[in-house]
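Notes for the one structure printed next.
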Amino acid sequence: MELFLAMLPLLLYYIIFNLYKLGYQKKDQCCYMLSYECHKAAEDQKLDPRSSARIISRNKNLGIEEYKFLLKTTVSSGIGEETYVPKNIMEGREESATLMDEISEMDGILFDTVDKLFAKTGVSPSEINIIVSSVSLFSPAPSLTARVINRYKMREDIKAFNLSGMGCSASAVAIDLVKQLFKTYKNSFAIVMSTESMSSHWYPGKDKSMMLSNILFRTGGCSILLTNNRDWKIKALMELTCSVRTHIGSNDEAYNSCFQAEDDLGINGFRLNKDLPKAGAKALTMNLRVLLPKVIPLSEVLRYRISYYRNKIMKRPTPKDAGPGLDLKSGIDHFCVHPGGRAIIDEAGQSLALNDYDLEPARMALYRFGNTSSGGLWYVLGYMEAKKRLKKGDTILMISLGAGFKCNNCVWKVMKDLEDTNVWKNCIDQYPPKTLANSFSKILASISDESMNFTSLEDYLP
């Protein structure tokens with residue numbers, strides 16, 4: 001007993017010291033977003049209906065059924081008529097893309113967005129300590145980060161990371177990676193570059209599950225400047241408060257729902273099958289089980305628990321459209337949903353019981369820019385800012401889904417009122433449009449096997 005009493009002060013000191021250390025470390029950890037810049041391609045890369053018709057007509061592997069499928073899916077895809085594709089596709093070289101086509105596409109996106117970051121923030125390239133690229137389908141040597149380091153003559157001790165194969169959720173993975181690195185590297189600046197290589201990945205075959213990628217995926221990307229230097233807090237747009245990563249690749253259905261492969265003719269493509277929305281819903285649910293308790297008020301969590309067990313005891317059925325049961329808006333103000341496709345957006349909306357106002361930014365980003373893979377979330381965020389929705393103190397839940405299958409989400413706190421029109425400049429007042437219909441709906445309405453000459457699809461456009 002005497003020994004215990006003698007050791008007690010030391011034990012208390014040890015506990016207090018570790019609690020103080022833990023609190024200090026948590027206080028010392030921060031991740032501020034100083035700026036983000038989305039890429040808007042040149043006008044000669046815009047995929048209007050006639051350009052789209054010419055590209056479709058060039059595919060000699062397509063028959064009547066494939067044309068019908070393309071038209072029907074395009075009409076219901078949620079994609080508009082002002083998205084962008086790489087130059088080689090507009091030039092008719094989608095089946096013969098070169099290495100230089102891919103490099104030129106990446107340089108155009110990365111250099112454009114990084115240039116704007118430096119110009120807007122005043123941060124010098126020599127101040128960047130960490131750089132991360134997230135491009136799934138293109139991994140050249142030297143790497144993409146090396147190209148950026150060379151162009152801007154960055155410092156010799158910069159930490160460079162190149163993420164590949166991560167799919168549409170790669171940007172959130174990169175953000176989380178930077179957050180972890182910030183624990184070690186103090187007072188640092190980091191750049192995250194998120195985009196996808198499309199120039200050599202246009203599918204010229206007839207497998208319907210692979211043709212979907214041509215309808216959904218478009219050229220675009222974003223670069224984000226982050227720091228953990230508290231002296232820059234006053235200039236920050238947002239602060240990262242939470243990030244959670246979930247990987248359900250051990251499930252075969254989820255793993256195979258989004259897959260790069262060859263079709264029966266040996267043509268490379270990206271297969272998106274019917275299990276994709278289901279995999280997305282499952283990964284999202286698992287992710288939110290971890291994330292929501294960190295951002296939802298305790299009172300709401302307790303209310304949900306009481307309601308859940310009461311319904312379970314009384315054997316009350318749960319309505320299909322009840323969402324997660326929690327009032328998400330008690331802790332989250334805005335929902336930045338990955339614009340992966342209409343089905344993905346609708347599934348996320350149903351799972352979270354979101355309304356049309358909540359889903360409008362994702363739907364408009366998909367309509368105006370298409371699915372730009374890992375860069376897509378930032379077009380959604382840009383829409384929110386351009387519409388002046390983001391006010392100081394608001395919280396934003398970023399929801400990203402990607403091949404593997406992964407769900408990687410993060411929560412941001414808005415540090416000031418935001419109203420930059422960014423990539424939506426000169427067009428934000430046109431959104432949302434009265435209708436999301438496109439020109440191909442008229443063709444689909446009048447299609448007949450006998451009357452339509454599919455080699456001149458362009459002639460059927462108004």
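The values are calculated or read from the model by the stated rules, or taken from the named source; none is laboratory data. Model, not experiment: these values are computed from the prediction. Cβ sites come from the backbone with ideal geometry, for glycine too, and all protein chains shown count toward neighbours. Surface areas here come from the heavy atoms of the whole protein model, side chains and all, with no ligands, DNA or RNA. Shrake-Rupley method; radii C 1.70, N 1.55, O 1.52, S 1.80 Å.
Taking into account only those residues within the range 61-91 that are within 22 Å of M106 (Cβ to Cβ) and of a type outside the set (S, T, Y), which is nearest to the chain's Cα centre (by Cα)?
We begin by selecting, within the range 61-91, every residue within 22 Å of M106 (Cβ to Cβ); these are 83-91.
Narrowing the set further to residues that are of a type outside the set (S, T, Y) leaves 85-91.
Details: V85: 18, P86: 19, K87: 23, N88: 25, I89: 23, M90: 25, E91: 28 Å.
Only one residue tops the list, namely V85.
Among the residues of the range 246-254, is any closer than 25 Å to A170 by Cα, open to solvent by 100 Å² or more (accessible area, probe 1.4 Å) and modelled with pLDDT under 85? First the steps, then the outcome.
We begin by selecting, within the range 246-254, every residue closer than 25 Å to A170 by Cα; these are 246-254.
Cutting the leftovers down to open to solvent by 100 Å² or more (accessible area, probe 1.4 Å) gives us 247, 250, 252.
Narrowing further to those that are modelled with pLDDT under 85: none.
So far as the range 246-254 goes, no, none of its residues is closer than 25 Å to A170 by Cα, open to solvent by 100 Å² or more (accessible area, probe 1.4 Å) and modelled with pLDDT under 85.
From the residues in the range 139-151 that are in a loop (DSSP other than H, G, I, E, B) and touching a residue at least 24 places away in the same chain (Cβ under 8 Å), which one is farthest from G375 (Cα to Cα)? Please lay out each step first, then the result.
Initial filter on the range 139-151 (in a loop (DSSP other than H, G, I, E, B)): 139-143.
When the remaining residues are screened for being touching a residue at least 24 places away in the same chain (Cβ under 8 Å), the result is 139-140.
Working: S139: 17, P140: 19 Å.
Filtering the range 139-151 for residues that are in a loop (DSSP other than H, G, I, E, B) and touching a residue at least 24 places away in the same chain (Cβ under 8 Å), the one farthest from G375 (Cα to Cα) comes out as P140.
Among S250, S188, S209, which is the only one that is without any contact (Cβ under 8 Å) to a residue 12 or more places away in the chain and over 20 Å from the mean Cα position of the chain (by Cα)? Give the derivation first.
Details: S188 fails: without any contact (Cβ under 8 Å) to a residue 12 or more places away in the chain; S209 fails: without any contact (Cβ under 8 Å) to a residue 12 or more places away in the chain.
Selected residue: S250, the only one of S250, S188, S209 that is without any contact (Cβ under 8 Å) to a residue 12 or more places away in the chain and over 20 Å from the mean Cα position of the chain (by Cα).
Looking only at the range 262-292, which residues are at pLDDT 85 or above and exposed (fewer than 13 other Cβ atoms within 10 Å of the Cβ)?
Within the range 262-292, D264, L265, G266, R289 meet the criteria.
Tell me, which residue of the range 398-419 that is of a type in the set (D, E, K, R) and modelled with pLDDT of 95 or more is surrounded by the fewest Cβ atoms within 10 Å (Cβ to Cβ)?
Taking the range 398-419 and keeping what is of a type in the set (D, E, K, R), we get 406, 413, 416-417, 419.
Add one more test, that the residue is modelled with pLDDT of 95 or more, and what stays is 413, 416-417.
Working: K413: 18, K416: 14, D417: 12.
Per the criteria, the residue is D417.
Only one of S136, S194 is in contact with a Gly (Cβ under 7 Å, 6 or more places away or on another chain), among the hydroxyl-bearing types (S, T, Y), touching a residue at least 60 places away in the same chain (Cβ under 8 Å) and assigned to a strand (DSSP E or B); which? First the steps, then the outcome.
Values: S136 fails: assigned to a strand (DSSP E or B).
Only one candidate qualifies: S194.
Which of the residues that make up the range 197-237 are assigned to a loop (DSSP other than H, G, I, E, B), more than 20 Å from G376 (Cβ to Cβ), open to solvent by 10 Å² or more (accessible area, probe 1.4 Å) and out of contact with any helix residue (DSSP H, G or I) (no Cβ under 6 Å at 6 or more places or on another chain)?
P204, D207, N229 - these are the residues of the range 197-237 that are assigned to a loop (DSSP other than H, G, I, E, B), more than 20 Å from G376 (Cβ to Cβ), open to solvent by 10 Å² or more (accessible area, probe 1.4 Å) and out of contact with any helix residue (DSSP H, G or I) (no Cβ under 6 Å at 6 or more places or on another chain).
To keep it simple, each residue is scored yes or no on (1) without any contact (Cβ under 8 Å) to a residue 24 or more places away in the chain; (2) open to solvent by 30 Å² or more (accessible area, probe 1.4 Å); (3) of a type in the set (V, I, T); (4) in a helix (DSSP H, G or I).
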site: R54; (1), (2), (3), (4): no, yes, no, yes
site: E66; (1), (2), (3), (4): no, yes, no, yes
site: L70; (1), (2), (3), (4): no, no, no, yes
site: I79; (1), (2), (3), (4): no, no, yes, no
site: E82; (1), (2), (3), (4): no, yes, no, no
site: G92; (1), (2), (3), (4): no, yes, no, no
site: T113; (1), (2), (3), (4): no, no, yes, yes
site: A119; (1), (2), (3), (4): yes, yes, no, yes
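Just to be sure, is Y304 surrounded by fewer than 16 Cβ atoms within 10 Å (Cβ to Cβ), modelled with pLDDT under 80, in a helix (DSSP H, G or I) and among the aromatic types (F, W, Y)? Even if it seems obvious, please write down each step before you answer.
Numbers: surrounded by fewer than 16 Cβ atoms within 10 Å (Cβ to Cβ): no; modelled with pLDDT under 80: yes; in a helix (DSSP H, G or I): yes; among the aromatic types (F, W, Y): yes.
So Y304 does not fit the description; no.
Hey, does the range 98-105 have a residue that's in contact with a Lys or Arg (Cβ under 7 Å, 6 or more places away or on another chain), within 30 Å of R147 (Cα to Cα) and either modelled with pLDDT of 90 or more or not in a helix (DSSP H, G or I) (or both)?
Looking for residues that are in contact with a Lys or Arg (Cβ under 7 Å, 6 or more places away or on another chain), within 30 Å of R147 (Cα to Cα) and either modelled with pLDDT of 90 or more or not in a helix (DSSP H, G or I) (or both), one finds none in the range 98-105, hence no.
Of the residues S77, S51, S35, which is within 29 Å of G382 (Cα to Cα), modelled with pLDDT of 90 or more and of a type in the set (S, T, Y)?
Details: S77 fails: modelled with pLDDT of 90 or more; S51 fails: modelled with pLDDT of 90 or more.
After applying the criteria, what remains is S35.
List every residue pair whose Cβ atoms sit under 6 Å apart, with the two residues 6 or more apart in sequence or on different chains, where the first one lies in the range 407-431 and is over 25 Å from G78 (Cβ atoms) and among the basic types (K, R) and the second, anywhere, is open to solvent by 50 Å² or more (accessible area, probe 1.4 Å) and in a strand (DSSP E or B).
K413/T241
Can you tell me which residue within the range 330-382, out of those that are among the β-branched types (V, I, T) and farther than 12 Å from R218 by Cβ, is most open to solvent (accessible area, probe 1.4 Å)?
At the first step, the residues of the range 330-382 found to be among the β-branched types (V, I, T) are 332, 337, 344-345, 372, 380.
Filter once more, so that each one left must be farther than 12 Å from R218 by Cβ: 332, 337, 344-345, 380.
On the way: I332: 1, V337: 3, I344: 21, I345: 2, V380: 0 Å².
Among those residues, the one meeting the criterion is I344.
Scan (1) assigned to a loop (DSSP other than H, G, I, E, B); (2) over 21 Å from K235 (Cβ atoms) for the single condition V123 breaks and write down its number.
Result: V123 fails condition (2) only.
Consider the range 164-185. How many of its residues are more than 16 Å from the chain's Cα centre (by Cα) and without any contact (Cβ under 8 Å) to a residue 60 or more places away in the chain?
Step one: filter the range 164-185 for residues more than 16 Å from the chain's Cα centre (by Cα), giving 178-185.
If we keep only those that are without any contact (Cβ under 8 Å) to a residue 60 or more places away in the chain too, we end up with 180-181, 184-185.
Counting residues in the range 164-185 that are more than 16 Å from the chain's Cα centre (by Cα) and without any contact (Cβ under 8 Å) to a residue 60 or more places away in the chain gives 4.
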